[in-house]
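None of the figures in this text is laboratory data; all of them are computed from the coordinates on show. The shown structure was predicted, so the numbers you read here are calculated from the model rather than taken from an experiment. Positions of Cβ are generated from backbone atoms using ideal geometry, with glycine treated the same way; all protein chains shown enter the neighbour counts.
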Amino acid sequence: MMLPILWTVFSFAGACLSVNGDKITAKDLARAVPEFAALPGNVSLGFAPLPGARRGFAGADIQRIASQYGIKTEFRDAVCFEWPMQRLERSEVLKSMREALGSDVEVQEYSLFPAPPGQIVFPLSGLNRQPQGSSFWRGYVQYGADKKFNIWAKVKLDANVTAAARADVVGGTKVTVVVRSGAAELKLEAQAITSGSKGQIVTIRNPRSGRSFVAEVTGRDSVCVEAVVSQGEMEK
């Protein structure tokens, strides 16, 4: 059970430890205070900060938590945690847009603020398409289990974008997946990674497992997968 932590507000002079989940765990703290390795690594000690922010324990916090778990340590320093952040790569931004559009695009500007590592997604639903000049496109970086960090870009579109905008399945949106095995059918929800119209093949991601697979577009927001992908594989 996660302890109720009162986060101490103070400045950290040194580098913070990286965190990549919703919680700060005993495994995370053990990188600074080795004695905490005696606890199961998944013991939650508090909520992780949002990307771009920092959270930490003062020495008194660490002593109190150690005492509650029967851990003896002489560690008295402060420890802070933060998400690792990085600048977006233009090539990755462009790749995501091309997958969503099914056509080329010119990236004029995009978010330069550091973002957490993850999958860059520019869904067509976030594109404010303008017939002339630049179009504004809202996207996000999908990080952690199911978190989104907002990003943006200004782009210049080519004539083929109109066809992509009418796609039956749009990258970044939810779709209904029908898995067929003979006469048996299984339905589940997944997320489209690429866009496509009826009869085309698109890439789909299972949000529970994070695994990607291909499927045939059968209609608006719906795709079909034959038994080549097993039911067990889909549900994982």
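Summary of values
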| read-out | value |
| --- | --- |
| Counted charge near residue 42, where neighbours are those whose Cβ lies closer than 13 Å (Asp, Glu -1; Lys, Arg +1) | 0 |
| Karplus (6.51, -1.76, 1.60) ³J(HN,Hα), θ = phi - 60°, over the stretch 194-207, in Hz, Gly and Pro reported as x | 10, 9, x, 9, 3, x, 8, 9, 10, 9, 10, 10, 7, x |
| ³J(HN,Hα), Karplus 6.51/-1.76/1.60, whole Hz, each residue of the stretch 106-111, x for Gly, Pro | 9, 8, 8, 9, 7, 4 |
| For the stretch 62-69, 3J(HN,Hα) per residue [Karplus equation, 6.51 cos²θ - 1.76 cosθ + 1.60, θ = phi - 60°, Hz, x = Gly/Pro] | 5, 5, 5, 5, 4, 5, 5, 9 |
| Shape of the chain, Cα gyration tensor, a/c cut at 1.5 | oblate |
| Degrees, to the nearest 10: 90-101 long Cα axis against longest axis of the chain | 40 degrees |
| Charge dipole of the chain about the Cα centre (unit charges at C-beta), most positive-ward option of 115, 84, 60 | 60 |
| Cα pair count fraction exceeding 18 Å, expressed as % - the stretch 174-235 | 23 percent |
| D_trans [Stokes-Einstein, Kirkwood Rh over alpha-carbon pairs] for the stretch 84-199, 25 °C, 0.890 mPa s, µm² s⁻¹ | 162 µm²/s |
